[in-house]
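J.: Would you mind keeping the following structure in view while I ask a few things?
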Amino acid sequence: MADKVLSPLPGIFYRKPSPDKDVYVNEGDSVKEGDILGLVEVMKNFYEVKAEKDGVIEKFHVENESEIEAGQEIATIS
Amino acid sequence: MIKVKNPGLQTTVQDYGRIGYYDVGMPPSGAMDKYSYTVGNLLVGNDENAASLEITYMGPTLEFQQDAFIAVTGGEIPPKINGEAVPMWETHSIKAGDELSFDFVKKGARVYLAVAGGVDVPVIMDSRSTYTLCGVGGMEGRALQAGDELKIGNDKKQEVKEGTSLPEEYRLDFSGDNEIRVILGLCSYRLTEESKKRFFEREWSVTTEANRVGYRFKGERLHFVEREQPFGAGSNASNVVDLGYPIGSIQVPDGVEPIALLNDAVTGGGYVTICTIISTDLDKMAQVKTNEKVRFVSVDIEEALQARKEYRDTVEKVRQFVAQ
């Protein structure tokens, strides 16, 4: 069953740890519970969004560096 | 004791504020949304200056190690006791061993957790409020961390029955448009007429740089009137000779992005302040989230004072409701 990864925060979503680095994970990659999927920047902080279960990243629903709302779906893990 | 299992994003101890030290450069800190903070204390029978937890965007997970009465007020970050949703704006009894946690933020940006007796941290310069930039007050001058233990104090005045629920008319609703009322000045004369007009015409969007210190907005560049640099002022057109910054004042460094200075902001400096948010609407400002849009509305001092009077009348009605 596919699980939704939701952003707990409003802010800007990043898929990379820094602009010159690779993305944390690609669609199709396997992830383990606790793996970092991306960052949400708000209040001069970067919050790590982590996988809540083991699985495969089916899809990212939010582009790198785009605005995100609290509760918005970031990705699906199957 | 209340044990912090997970601190949330930025949870700080705040009371009404560190009032009376602005002249020596100490901002007041304190609850950003004063109404919600005050009502929270009333709902648990506290002294109105008792310290609460200010929770921003993402709630903490707290384990109560003693019985207590609590209330959660403010925006909508739904609280849960032992995983069961409980209403906001209501007095709840929580037992030793119970866990308080929160769901995702639905509306607004901040909620207040009031605990009967208040959160007991050392009083520094007449206040328990946390001023994180200088590491003063609250829990060791910082936001809560996992493993912290909070002592419950004695700032309680009266008993309030479990299940006391604030009538709808006294609750805040954050689903409306974000109109923030301001009074023009102190240095609005420095803006061109066109920029002054544009400032009030357009919507401004809250950037990710929005916290207890200030809110930064994106919109368009504003322009200043040509002038000869006065002695003592910086060279940028947005500079003036240093002045005290009113709380809620809005400055526009280099004309690029307006910044509203809030509870933890610097108390003075050399930027033009074009207007000041009226005191009642600071509460509203504090509940606007990053990426949301606001519009500034120019009002006169009479309207601001009327709004303050209505605010005080509402708080008085809540006082009477709770005392019944």
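J.: Once you keep just the Cα pairs under 8 angstrom separated by 6 or more residues, what percentage relative contact order results for chain B?
T.: Details: 834 pairs, mean separation 63.9, N = 324.
Worked out over chain B, it gives 20 percent.
J.: In addition: How do B:CYS134, B:CYS275 stack up against each other in accessible area, from largest to smallest, with a 1.4 angstrom probe?
T.: B:CYS134, B:CYS275
J.: Right, here's the next one. At q = 0.13, 0.14 Å⁻¹, what log₁₀ I(q)/I(0) does region A:30-78 have when each alpha carbon counts as one equal point scatterer in the Debye sum?
T.: -0.30, -0.35
J.: Take peptides B:20-32, B:64-76 and line them up by average Cβ neighbours within 10 Å, highest first, as a rough protection proxy.
T.: Output ranking for B:20-32, B:64-76: B:64-76, B:20-32.
J.: Determine the total buried accessible area between chain A and chain B, counting protein heavy atoms only with a 1.4 Å probe; round to the nearest 100 Å². If you can, show how the numbers build up before the last one.
T.: Details: alone 5000 and 14300 Å², together 17830 Å².
The A and B chains share an interface burying roughly 1500 Å².
J.: I'd like the distance between the alpha-carbon centres of region B:63-87 and region B:97-161, rounded to an integer number of Å.
T.: 13
J.: Pull up all non-local amide H partners of B:GLY8: gap of 5 or more, or a different chain, and H-to-H distance under 5 Å with H placed in the peptide plane.
T.: B:THR61
J.: Percent of accessible area on the protein assembly as shown owned by carbon and sulfur, 1.4 Å probe?
T.: Here carbon and sulfur together make up 47 percent of the probe-accessible area.
J.: How many Å³ per residue does the convex hull of the Cα positions in region B:2-174 occupy?
T.: Dividing the Cα hull volume of region B:2-174 by its residues yields 104 Å³.
J.: How large is log10 of I(q)/I(0) for region B:192-324 at q = 0.21 Å⁻¹ when the intensity is taken from the Debye formula with one equal scatterer per alpha-carbon?
T.: With no solvent term, the Cα-only Debye profile gives -1.32.
J.: Across region B:193-208, in residue order, what do the Karplus-derived ³J(HN,Hα) couplings come to in whole Hz, using 6.51 cos²θ - 1.76 cosθ + 1.60 with θ = phi - 60° and x for Gly and Pro?
T.: For region B:193-208, the Karplus curve yields 4, 4, 5, 4, 5, 5, 4, 8, 6, 9, 8, 10, 9, 6, 7, 6 Hz.
J.: A further question on this structure: Can you tell me the relative contact order of region A:3-77? Whole percent, Cα pairs under 8 Å, sequence separation 6 or more.
T.: It comes to 44 percent, rounded to a whole number.
J.: For a distance above 40 Å, tell me the whole-number percent of Cα pairs in the protein assembly as shown that qualify.
T.: Looking at the protein assembly as shown, the distances longer than 40 Å represent 20 percent of pairs.
J.: In whole Hz, with x marking every Gly and Pro, tabulate ³J(HN,Hα) for region A:28-38 from phi via Karplus 6.51 cos²θ - 1.76 cosθ + 1.60, θ = phi - 60°.
T.: x, 6, 7, 10, 10, 3, x, 5, 7, 9, x
J.: Shifting gears a bit: So what is the 222 nm mean residue ellipticity for chain B from helices alone, if each DSSP H run of at least 4 adds -39500 (n - 2.57) and you divide by all residues, rounding to the nearest 500 deg cm²/dmol?
T.: Per the formula, -5000 deg cm²/dmol.
J.: Given the whole protein assembly as supplied and a 1.4 Å probe, what does the accessible area of B:MET125 come to in Å², nearest 10?
T.: The value for B:MET125 is about 70 Å².
J.: For peptide B:267-276, what's the mean number of Cβ atoms from other chains within 10 Å of each residue's Cβ? Don't skip to the answer; put the middle values down first.
T.: Numbers: counts 0, 0, 0, 0, 0, 0, 0, 0, 0, 0.
The per-residue average across the peptide is 0.
J.: Quick check: Cα centre of region B:171-228 to Cα centre of region B:281-324, how many Å?
T.: 18
J.: Convex hull over the Cα atoms of region B:50-89, averaged projected area in nm²?
T.: Result: a mean projected hull area of 3.4 nm².
J.: In peptide B:282-294, how many Cβ atoms from other protein chains are near each Cβ within 10 Å, on average?
T.: Shielding by partners across B:282-294 averages 2.
J.: Shielding by partners for B:8-20, please: the mean number of other protein chain Cβ atoms within 10 Å of each residue's Cβ.
T.: Average neighbour count from other chains, rounded to a whole number: 1.
J.: Here's another thing I want to ask about it. Roughly how much of B:PHE174 is accessible, in Å² to the nearest 10, using a 1.4 Å probe?
T.: Its heavy atoms expose roughly 50 Å² to the probe.
J.: 5 Å is the cut-off here: which amide hydrogens, built 1.01 Å from N in the peptide plane, fall below it relative to B:SER238, excluding neighbours closer than 5 in sequence?
T.: For B:SER238, the qualifying residues are B:ASP254.
J.: Counting only heavy atoms of the protein chains, get the accessible area per residue of chain B (1.4 Å probe) and round it to a whole Å² value.
T.: It amounts to 42 Å² per residue over chain B.
J.: Tell me, what ³J(HN,Hα) does each residue in region A:9-14 have, in order and in whole Hz, if you take phi through Karplus 6.51 cos²θ - 1.76 cosθ + 1.60 with θ = phi - 60° and put x for Gly and Pro?
T.: Coupling constants for region A:9-14: 10, x, x, 10, 9, 10 Hz.
The values are calculated or read from the model by the stated rules, or taken from the named source; none is laboratory data. Predicted model, so just to flag it, every value in this text is computed and none were measured. FYI the Cβ positions are ideal-geometry reconstructions off the backbone, even for glycines, and counts take in every protein chain you see. Note: areas computed on protein heavy atoms with side chains; ligands, DNA, RNA excluded. Shrake-Rupley method; radii C 1.70, N 1.55, O 1.52, S 1.80 Å.
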